[in-house]
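Following: one structure in structure tokens, then a few remarks.
Since every read-out is calculated from the coordinates, none of them should be taken as a lab result. Everything quoted here is computed from the prediction, not taken from an experiment. Reconstructed Cβ throughout: ideal geometry from the backbone, glycine too, with neighbour counts over all protein chains shown.
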Amino acid sequence: VSVRYAAVNWNRNKRLYDAVLGAGVVLYVAFFVLVGKLTWRGDSGLSDEVLLLRALGTCAFLLLHVVLCIGPLARFNRRLLPLLYNRRHLGVVTFLVGAAHGALATGYYHGFGRLNPLVSLLATNTQYASLAAFPFETLGVLALAILFLMAATSHDFWQKNLSPSAWKALHMLVYPTYALLVLHVAFGALRSETSPLYVALAGLGTVTVIGLHLAAGWREWRRDRSVPRRSSECWVDVGAADEIPDSRAKVVSVGGGERVAVFRHGDQVSAVTNVCAHQRGPLGEGKIVNGCITCPWHGWEYRPENGCSPPPFAERIATYRVRVEGGRVFLNPEPLPPGTPVEPAAWRRLPMADSSPSSNRPAPEGDEFFIGWLPMPRRTARLLHPVAVLLLLIAAGTAAAVAYYQRDPGVARWEEKVTTFDGVVFAPPYPLLRIPGDPPRTLLLVSEGKFGAARRVEQVGDRRAVRVRGTLLHRDGRALLELAEGDDGIRPLGPEEKRRVPPLKGAELQILAESVTIRGEIIDPKCYLGAMKPGGGKAHKACAMLCVSGGIPPMLVTRDADRRETFYLLVTEDGGAANELVLPFVGDAVKATGRLERDGDLLILRVTASGVGRR
Amino acid sequence: MTRSHRRWHLRLWLLLAPLLAAALAAAVLTRPRPEYEAPRVSQEPTNPTPREVQP
């Protein structure tokens, strides 16, 4: 609470909260990257970008679970209210970590291609009707947009200007956002990763969030239904005055209206609405501190006798008429306009109770009251310190487990050094280089980024003796060369150079099977052979589609029981490029039927549109 | 929290719970199983590194 708007009204508790939060995020990301690096090393290593974006994504998802669990947990145990006090900072950090994940994933999977990365994010994969190919990225974009809206309006300035009701309604969008993110994970990561741990963790998180909210909602619904009996048409018997601890309230439901908080302050009884004007916090769970009812959520204050915040604040809440007869409190359930002064009802202790009046009794066990700008009560701190340590341990443990059980990306390598080869270049259907020898070897050629090399090869000419320079990518015996930029990436050989190249013996085309069905995954070989690790699976689908639509030759990869991989170059029935034909199925598990041929060291599968389908 | 908010909150979670459970189940249960079905053809290695030209 402050008179002027400030970015953050810092106090010791907020600093501690944010320090633990920051430590948790750093610990999570560091553990994830460290365990990922130690588990998957050398040629089996995952790309640094993949490790980081996975660390950030899973961290944001975990943070959102914590955000969503705090509300119901604080309703079940008041001593967890300090977790709620600064929850908006947790929400903003969740957005920032999620935004970093989104930015990295967009740049990595959708950058370097023929489309603007933001356009590619929404336009490359549009197969919304398919469960297997569903573009899960769109769900993440929607969720991130809502989280941005919530983070941007999280300050009290926006709450004041939007009105508490509109602000609250806007921030209730966190629940649909959570649903969007569960689906984003379910149709993205869970369809790429094979470890049951991922399914178990996602299921556990979802069940916990749903279970806590349903349990809290059910409890509140039952409380709303328990209406106290009426002594007459307009007065409700709330109960004995000495049942209400000093400076505390009894919360009552009255008919179909809002709950009422009946406070006792010494020998006086007052009643106000249970709804705080700030964020609709439960005032009846607050306490009278320095003569003011103090909301347990964010410490907003109101005078019990008129429902007005002390000057210079101007907030007002509804008050109620109340009277005490024979030690019992009676409430008129008709709310008075906010800020209406009501004379507190005087409560005279009965003589029998004088020996141990509740007003003189020490606060009952568990009656400690936390609010951020006051020192934290000792018992609350005793609970919260282990909870903070537990949360940090959960963060580190989850990070380590998720990083360790990532899917094996396979052994692939992208050489750093530039290599030079002489050979004969072939253009259609895909650019490739035949290197003379016994037997001759074949290198697929691609350009930098997510582009094929067709144009560059066309400029040199089909079946020309050339010298190519570039970086090699290879996996399980299959190799590909990314041509270096500039004219020396590929150039025709001069007469003298040609003489040094042995003649290329014509490779005989061999038909292995007229019709064969092969089950595997359609990949873009550049990513799969080492440009990205992993370079396959659902999470990589949009990137693979961008590569194949940019001219990189599509291949089908199969794996045998010993995890050895076989690669088939996919061409159309008449031997043309099959990029457009197979584009919707790139990144999917498919079965492809067609004629199988061997051309030198290349296996070629001629497919038709009807011959390719998801399995 | 206001009464309407509490009601809205409970109804929303009663709606979200089965939807999320169904979506999670659909996404997980329809995952393609790894298959090792491929024709028995040998694939010769194509890595031509040993034949690299040293200009």
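Sorted by mean Cβ packing within 10 Å, highest first, what order do the peptides A:468-479, A:413-424, A:256-267 take? Spell out each step's value before the answer.
Numbers: A:468-479: 22.6, A:413-424: 16.7, A:256-267: 20.5.
Descending mean neighbour count gives A:468-479, A:256-267, A:413-424.
When the Cα atoms of the range A:429-520 are aligned to their principal axes, the ranges along those axes come out at 44, 32, 24 Å in descending order.
For the range A:428-505 and the range A:511-557, what is the separation of their C-alpha centers, rounded to whole Å? For the range A:428-505 versus the range A:511-557, the Cα centre distance is 20 Å. Judged by the ratio a/c of the largest to the smallest principal axis of the C-alpha gyration tensor, the range A:476-551 counts as oblate, that ratio being 1.5 or greater while a/b is no larger than b/c.
Between residue A:243 and residue A:497, what length comes free when the chain is fully extended (0.36 nm per residue of separation minus the Cα-Cα distance, one decimal in nm)?
Numbers: separation 254, 0.36 × 254 = 91.44 nm, distance 10.18 nm.
Here the segment from residue A:243 to residue A:497 would lengthen by 81.3 nm.
With Cα atoms defining each centre, the range A:591-611 and the range A:157-191 are spaced 47 Å apart in the structure. Partner shielding of B:11-22 amounts to 5, given as the average count of beta-carbon atoms from other chains within 10 Å of each residue beta-carbon.
Over the range A:201-303, the hull volume per residue, using the convex hull of the C-alpha atoms, is 130 Å³.
As a ratio to 2.2 N^0.38 Å, the alpha-carbon radius of gyration for the protein assembly as shown is 1.29. Between residue A:517 and residue A:19, residue separation times 0.36 nm minus the direct Cα-Cα distance comes to 173.5 nm.
When Rg and the Kirkwood Rh are both derived from Cα coordinates, the Rg/Rh ratio for the range A:21-138 amounts to 1.07. Along its first, second and third principal axes, ordered by size, the range A:111-205 spans 46, 39, 24 Å in Cα coordinates.
Close amide H pairs (under 5 Å, H built 1.01 Å from N) link residue A:478 with B:46, residues at least 5 positions away or on another chain. Per-residue shielding of A:210-219, expressed as the average number of other chain Cβ atoms within 10 Å of the residue Cβ, stands at 4.
For the range A:1-76, what does the convex hull of the Cα positions come to per residue, in cubic angstrom?
Roughly 128 Å³ of hull volume per residue.
Computed from Cα positions, the angle between helix A:378-404 and the longest principal axis of chain A comes to roughly 10 degrees.
At a Cβ-Cβ separation cutoff of 4.7 angstrom, cysteine residues of chain A with no neighbouring cysteine are A:59, A:69, A:234, A:292, A:308, A:527, A:543, A:547.
Mind checking the full-extension length gain between residue A:30 and residue A:114? Use 0.36 nm per residue of separation minus the Cα-Cα distance, one decimal, nm.
Values: separation 84, 0.36 × 84 = 30.24 nm, distance 3.38 nm.
Separation in residues times 0.36 nm, less the Cα-Cα distance, equals 26.9 nm.
Please report how many Lys pairs in the range A:465-594 have alpha carbons closer than 20 angstrom, counting only residues at least 8 apart along the chain or sitting on separate chains. Can you show the working numbers first?
Values: A:526/A:538; A:526/A:541; A:533/A:541; A:538/A:591; A:541/A:591.
Lysine pairs meeting the criterion: 5.
Here the Debye sum runs over all C-alpha atoms of the range A:499-615 as equal scatterers in vacuum, and log10 of I(q)/I(0) at q = 0.17 Å⁻¹ comes out as -0.80. The packing ranking of peptides A:277-288, A:159-170, A:189-200, highest mean first, is A:277-288, A:189-200, A:159-170, where packing means the average number of other beta carbon atoms within 10 angstrom of each residue. Both the radius of gyration and Dmax for the range A:394-434 are 20.4, 58 Å, in that order, over alpha-carbon atoms.
Where the centre of each part is set by its Cα atoms, how far does the range A:237-268 sit from the range A:43-72, in angstrom? So the two Cα centres are separated by 45 Å.
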